[in-house]
Amino acid sequence: MSTALMEAAAPSTAVTETMRAVVVLSFDEAAQVREVAKPVAGSGEIVVRIEASGLCHTDIHAAHGDWPVKPKLPFIPGHEGVGIVETIGEGVTEVAVGDRVAIPWLGYACGTCDYCVSGWETLCESQQNTGYTIDGGLAEYAKAFARHVVKVPDGIDPFDAAPLTCAGVTTYKAVKVAGAKSADLVAVWGIGGLGHLALQYARIAGASVVAVDLVGEKLELARELGAEYTVNAAERDPVAVIKELGGADAAVVLAVSPKAFEQAFASLRRGGTMSLVALPAENRMELPIFETVLNGITVVGSIVGTRLDLREVFELHAAGKTRVVREERPLEQVETAMEDVLHGDVPARIVFRP
C-alpha cells in the first residue's frame, strides 16, 4: 500500500493533513477522487503542490492492471505532474522551495548501475515509476525524489509543461533514436497526444513528415502543425502512399495496433529505422526476417526519455518551437476523461487542474 494511503488509513492521535487525489482501489473499479493523507517529505524528497497533471494512456493501463507487472493497490496514478515545491526533506540541494518542477515517469533510478552511468537511466533495473510503483501526480500534492524532478523554465505554462513531461519527452526520444535528420522523410503513425508532438520534433530535426491516422480531424491537426503529407489509413493504403514518396527514412509508431507497426515497417526505404513506442494489448507483430536483413532495416524500442531529454524538451518549448494541444478538466472528471481517451474522443492531451 502506498505511503499516503497507509497514513490515511492508520489510526493516530495526531492531526493528519489531507488532500484530494485520484485513487485506484481495484483494477475492476473506476478510479475515484478520495481524501487521503497529504505526503510528507523524507530524506532526499520534496513535496510539490500540483498545478497541472496530465493524463497519459499509461495511467489507464495502470488503473486497469493491464500489464504483466501490476501496481500494488491502492495507488495514485499520474506521471505528468507539474507544480511548486512546497517543502523539502533533509539533504535536498537540487531544488528549493518555490521552484516549479515536473515529476516524470522515471521517479527514481539508482544512479550507479551501468545503465545510469552510461546515460540510460531509463533502463535502470532498480527504477521506480511515478504513478505506478510510487504514488503519482493526479492529486493536489505529490511527493518525489528531488534528484529526479526537472525544473520548468520560466515562461512555460504549467498546463503545457504537464504533457511535455511524458508525451513530449517520450516522442522527442523516439525521434532521436530513429535518427531523424535534415532531408529525411519521417512517418508518424497515430496523431494524438503523442503523435502531434512527435511530428513537431521530426520537423525541428529538419525532416519532412507524413502523418498517418484513421481520423480526419487528427490529420487536419497534423497539417496545421506542419506535416507535409497526410494519409487517412481508413481510405488509402499508407504503405503504397509512402512508397510513392520514396519510402520513409524513419517511422515512429504511436498507434496501439499491431497492424500499424507492420505497415510502418513496410513503408521504410532501405536502411530505414522503425521506432516502437506504443504498447498494443496484443503485444505481437509480424517481423519479416528476410526483408529486415536484406534491406538493412533497424527496429528499435524507445522508452520515455532521461532528465536531460526532458530539459531539452522544455528548452525547445520555451523557445517557441513546439505547440501543445490540450484541454483542461477538473480532477473529478477523471473517470469520464479515461473513457474519452480510450474512445479517441479528445483532440490530443487532457490536463487536470487539481
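The values are calculated or read from the model by the stated rules, or taken from the named source; none is laboratory data. Since the model is a prediction, treat every value here as computed from it, not as a measurement. Neighbour counts are summed over all protein chains in view; Cβ atoms, including those assigned to glycine, are modelled from backbone coordinates with ideal geometry.
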Qualifying positions in the range 88-125 - crowded, with 17+ Cβ neighbours inside 10 Å, not aromatic (Phe, Trp, Tyr) and not in a loop (DSSP other than H, G, I, E, B): ILE88, ARG100, VAL101, ALA102, ILE103, LEU106, GLY107, CYS116, GLU121, THR122
Scan of the range 327-348 for residues that are part of a strand (DSSP E or B) and loosely packed, with under 13 Cβ neighbours inside 10 Å, ordered by number: GLU328, PRO330
Where a residue in the range 308-323 is β-branched (Val, Ile, Thr) and its partner, wherever it lies, is in a helix (DSSP H, G or I) and buried (at least 21 other Cβ atoms within 10 Å of the Cβ), with Cβ under 7 Å and at least six apart: VAL313/LEU164; VAL313/GLY168; VAL313/VAL169; VAL313/TYR172; THR322/LEU197; THR322/GLN200
Strands (runs of 3 or more DSSP E) fully within the range 175-271 counting 1 or more residues that are of a type in the set (Ser, Thr, Tyr): 208-213, 229-232
Residues being crowded, with 17+ Cβ neighbours inside 10 Å, within 13 Å of the chain's Cα centre (by Cα) and not polar (S, T, N, Q) - total across the range 293-306: 2
Subset of the range 258-295 that is modelled with pLDDT under 95 and in contact with a Pro (Cβ under 8 Å, 6 or more places away or on another chain) - its residue that is nearest to VAL212 (Cα to Cα): PRO280
Exclusive hit being under 13 Å from SER53 (Cα atoms), surrounded by fewer than 24 Cβ atoms within 10 Å (Cβ to Cβ) and not acidic (Asp, Glu), set PHE159, PHE145: PHE159
Restricting the range 262-288 to residues that are under 20 Å from the mean Cα position of the chain (by Cα) and in contact (Cβ under 8 Å) with a residue 40 or more places away in the chain, the residue that is farthest from VAL186 (Cα to Cα): ALA281
Residue check, CYS56 in contact (Cβ under 8 Å) with a residue 24 or more places away in the chain, of a type outside the set (Val, Ile, Thr) and closer than 22 Å to ARG307 by Cβ: yes
Some residue of the range 22-42 being surrounded by 15 or more Cβ atoms within 10 Å (Cβ to Cβ), at positive phi and at pLDDT 95 or above: no
Residues that are under 25 Å from PRO280 (Cα atoms), among the small types (Gly, Ala, Ser) and surrounded by fewer than 24 Cβ atoms within 10 Å (Cβ to Cβ), drawn from the range 193-221: GLY216
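Looking for something more than 24 Å from GLU94 (Cβ to Cβ) and basic (Lys, Arg) - is there at least one such residue anywhere in the range 306-314?
At the first step, the residues of the range 306-314 found to be more than 24 Å from GLU94 (Cβ to Cβ) are none.
There is no residue in the range 306-314 that is more than 24 Å from GLU94 (Cβ to Cβ) and basic (Lys, Arg).
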Residue satisfying all of: in the range 143-201; among the aromatic types (Phe, Trp, Tyr) and in the same structural domain as ALA102 (by TED's automatic domain parsing); nearest to the chain's Cα centre (by Cα) among these: PHE159
Qualifying residue in the range 167-174 (condition: within 30 Å of SER43 (Cα to Cα), in a strand (DSSP E or B), in contact (Cβ under 8 Å) with a residue 40 or more places away in the chain and among the β-branched types (Val, Ile, Thr)): no
Residue within the range 75-86 that is surrounded by fewer than 22 Cβ atoms within 10 Å (Cβ to Cβ), assigned to a loop (DSSP other than H, G, I, E, B) and modelled with pLDDT of 95 or more present: no
Residues of the range 301-354 satisfying the condition of being touching a Ser or Thr at 6+ places or on another chain (Cβ under 9 Å), over 23 Å from LEU276 (Cβ atoms) and β-branched (Val, Ile, Thr): VAL351
